[in-house]
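The values are calculated or read from the model by the stated rules, or taken from the named source; none is laboratory data. Note that the structure is predicted; figures quoted are calculated from it, not measured. Every residue, glycine as well, gets a Cβ built from its backbone with ideal geometry; the counts of neighbours run over all protein chains shown.
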Amino acid sequence: MDNEDYEPTPNYQPLESVEDVEEFYQAIRREKLTHKLSPERPYCYWTIETYDKSNGIRGGGGLGVLAADMRRVAEQLQVPFVLVTPFYPWESHQKMQNMEQIDFHSEKNYHDFGFNYVDTIRIKTATSAVELDVIEKRLGASRFLCITEPNFGELYSGESGSDHRLYQEVALGFGGYQALKAIGLRPAVIQLNEVATFFAAVARLDELVSSGMDFYEAVVYTRKHTLYTNHTLVQAAEATFHYSQFEQYVFPNIKSVAVKRWLSDKFTDGTIRLSTPTVEIAELRSGVSKLHARVANYHDINGAKIKFKSVTNGIHMRTWVLPEIMDYYYEKQILNRFDLPVERDFEDNVTKITADDVRRLKKIGRQRLNDILKHRTNQYGETIQIPEDAMLFDFKRRFVDYKRPWLPFNDPERLANILEKYNAHYILAGRVHMGDTTMFNKLMGLLHLIDENPVLRERVTRPRSQPWRK
């Protein structure tokens, strides 16, 4: 069947969106959510980053991808949803030039991406107050709710335990909670996407106690309405903050003496890891896969190991899956209108997928990839194109040591033989965190190793955007 003749069966065309969210709640057997979530009491998702380039916010990795996909799914399914995140006025970029990776910065204006100014709020430090602009952008039943100010900086600017990083997290938590109140909303659920968002739960706890609720009742209430998603396997990998930093940035934003005392008790030898109070304030603690939940090594203030449930990362399929493949799934009655597996005959329908159709769809995917790569260059400044008949391997994660991006290059001759024998190419993608000189030097070493081997030079590509010009 030729590509231009391929049309999905009309009966299985998905709806662009779900008009009545109750249908979705019924499909996932969560009918009670009909009475829990509403436009006035939405699902509120806090995240330090979100990877949603089309809406002007570019994150740094999987944590941001997950956040963006959560919002897209909510928009598609008409779930009342607010994504609370910073709008960073500066953005870092990387390019390759003369076999060197160069970092540069660009300024961003939220007006350019359809955000509207809502209000100005204030958070406190020990010596001053900081004004934060509240901006929003509505997309169906979902919305971005962002805080920003000219000196907020870039995503992950500064060291992980620095004053500026703590300021960003305090601004997101306490400022984001104020922003929610400024637009007249109360959270039905708070989901904390990693511990950088912990202060949103503190802000809610402090509001309940300051309004007259008994402290322990407020803790129970906050816990029952708070979820914590963990992305880091080892607690020791987290940054630590000092008590003096909390005196400067955190405690001035807390009204309740009881909440301050509760938080102060989480310090050990004058330092704190934010996961320690986060696991106490969230009733559901989840890892992003079954393996993650099983091996995550976290302990509470008493040293007891924390149990994590597994909620495997979902994706917004219409963002990441080739449209032709999605159409094929609908035609074969594999996915339903909610982009979930059909309840009846799923296994039988999967067996109807043919090898010829898989090859045809993969060919379309390769053509689409090459269309994108036309706007990229490799480490030599050359336009990238992958042959249609070539096998393709890739590393497309953040370029950090624990993800072992260097592993295939431990035996360069063996790698070269594999690529040549199987007519394969290898795309070495992934950003080096700005300021990570160790991994930057490892990347430079890999690029020079690749350059010294004629097979690797031809078949291993480090893609970057076209050279940046002022």
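Yes or no: region 409-416 includes at least one residue that is within 30 Å of V234 (Cα to Cα) and acidic (D, E). Give the derivation first.
Narrowing region 409-416 to residues within 30 Å of V234 (Cα to Cα): 409-411.
Filter again for acidic (D, E), leaving 411.
Within region 409-416, one or more residues are within 30 Å of V234 (Cα to Cα) and acidic (D, E).
Could you list, ordered by first residue, the pairs with Cβ atoms under 7 Å in which the first is in region 247-268 and in the same structural domain as F198 (by TED's automatic domain parsing) and more than 18 Å from E217 (Cβ to Cβ) and the second is among the aliphatic types (A, V, I, L, M) and surrounded by fewer than 16 Cβ atoms within 10 Å (Cβ to Cβ), at least 6 apart or interchain?
E247/A126; Q248/A126; P252/A126; K266/I301
Determine, yes or no, whether Q333 is outside the structural domain of A67 (by TED's automatic domain parsing), among the polar types (S, T, N, Q) and not in a helix (DSSP H, G or I).
Working: outside the structural domain of A67 (by TED's automatic domain parsing): yes; among the polar types (S, T, N, Q): yes; not in a helix (DSSP H, G or I): yes.
Yes, satisfied.
Taking only region 56-96 into account, find how many residues are at pLDDT below 90, part of a strand (DSSP E or B) and surrounded by 19 or more Cβ atoms within 10 Å (Cβ to Cβ).
3
What do you reckon, is K260 of a type in the set (K, R) and surrounded by 13 or more Cβ atoms within 10 Å (Cβ to Cβ)? If you could, list the steps in order and put the result at the bottom.
Values: of a type in the set (K, R): yes; surrounded by 13 or more Cβ atoms within 10 Å (Cβ to Cβ): yes.
For K260, the condition - of a type in the set (K, R) and surrounded by 13 or more Cβ atoms within 10 Å (Cβ to Cβ) - is met.
Restricting the search to region 297-338, which residues are in contact with a Ser or Thr (Cβ under 8 Å, 6 or more places away or on another chain) and among the aliphatic types (A, V, I, L, M)?
Residues satisfying the conditions are I301, V311.
Against the definition (within 21 Å of the chain's Cα centre (by Cα), at pLDDT 95 or above and under 15 Å from V84 (Cβ atoms)), how does F152 come out, yes or no?
Values: within 21 Å of the chain's Cα centre (by Cα): yes; at pLDDT 95 or above: no; under 15 Å from V84 (Cβ atoms): yes.
Taking the combined requirement at face value, the residue does not satisfy it.
Within region 328-350, which residues are surrounded by fewer than 16 Cβ atoms within 10 Å (Cβ to Cβ), within 27 Å of the chain's Cα centre (by Cα) and at pLDDT 90 or above?
Result: P341, single match.
Among (1) modelled with pLDDT of 90 or more; (2) farther than 22 Å from N370 by Cβ, where does H433 come up short?
Against the list (1) modelled with pLDDT of 90 or more; (2) farther than 22 Å from N370 by Cβ, H433 comes up short only on (1).
Being among the hydroxyl-bearing types (S, T, Y) and surrounded by fewer than 18 Cβ atoms within 10 Å (Cβ to Cβ) is the requirement here; does T268 meet it?
Working: among the hydroxyl-bearing types (S, T, Y): yes; surrounded by fewer than 18 Cβ atoms within 10 Å (Cβ to Cβ): yes.
Here the answer is yes, as T268 does meet what is asked.
Name the single residue, out of those in region 351-381 being in contact with a strand residue (DSSP E or B) (Cβ under 9 Å, 6 or more places away or on another chain) and without any contact (Cβ under 8 Å) to a residue 60 or more places away in the chain, that is surrounded by the fewest Cβ atoms within 10 Å (Cβ to Cβ). Before the answer, list the steps.
From region 351-381, those in contact with a strand residue (DSSP E or B) (Cβ under 9 Å, 6 or more places away or on another chain) are 366, 369, 373-381; that's our starting set.
Okay, now just the ones that are also without any contact (Cβ under 8 Å) to a residue 60 or more places away in the chain, so 366, 369, 374.
Working: R366: 16, L369: 16, K374: 12.
Per the stated criteria, the residue is K374.
Residues I147, I102: which one is closer than 30 Å to G381 by Cα and not small (G, A, S)? Break it down stepwise before answering.
Numbers: I147 fails: closer than 30 Å to G381 by Cα.
Checking each option against the conditions leaves just I102.
If I filter region 275-298 for residues that are assigned to a loop (DSSP other than H, G, I, E, B) and farther than 23 Å from Q191 by Cα, do I get at least one hit?
If we filter region 275-298 for residues that are assigned to a loop (DSSP other than H, G, I, E, B), which is where we start, we get 282-283, 288-289, 296, 298.
So of that shortlist, the ones also farther than 23 Å from Q191 by Cα come out as none.
The answer is no, given that none of the residues of region 275-298 is assigned to a loop (DSSP other than H, G, I, E, B) and farther than 23 Å from Q191 by Cα.
Would you mind stating whether T312 is under 24 Å from the mean Cα position of the chain (by Cα), over 30 Å from K421 (Cα atoms), exposed (fewer than 14 other Cβ atoms within 10 Å of the Cβ) and of a type in the set (S, T, Y)?
On the way: under 24 Å from the mean Cα position of the chain (by Cα): yes; over 30 Å from K421 (Cα atoms): yes; exposed (fewer than 14 other Cβ atoms within 10 Å of the Cβ): yes; of a type in the set (S, T, Y): yes.
Taking the combined requirement at face value, the residue satisfies it.
Give region 36-55 a look and list any residue that's closer than 12 Å to R186 by Cα and either in contact with a Cys (Cβ under 8 Å, 6 or more places away or on another chain) or crowded, with 18+ Cβ neighbours inside 10 Å (or both), or say none.
Within region 36-55, L37, P42, Y43, C44 meet the criteria.
Does region 412-430 hold any residues that are at pLDDT 90 or above and not aliphatic (A, V, I, L, M), and which are they? Full working, then the answer.
Residues of region 412-430 at pLDDT 90 or above: 412-428.
Within region 412-430, P412, E413, R414, N417, E420, K421, Y422, N423, H425, Y426 qualify.
So in region 97-110, with the set limited to residues that are of a type in the set (D, E, K, R) and modelled with pLDDT under 85, which one is farthest from the chain's Cα centre (by Cα)? Write out each step before concluding.
Here is the first cut: in region 97-110, the ones of a type in the set (D, E, K, R) are 100, 103, 107-108.
Of the ones still in play, those that are also modelled with pLDDT under 85 are 100, 103, 107.
Details: E100: 28, D103: 22, E107: 21 Å.
Checking each candidate, the answer is E100.
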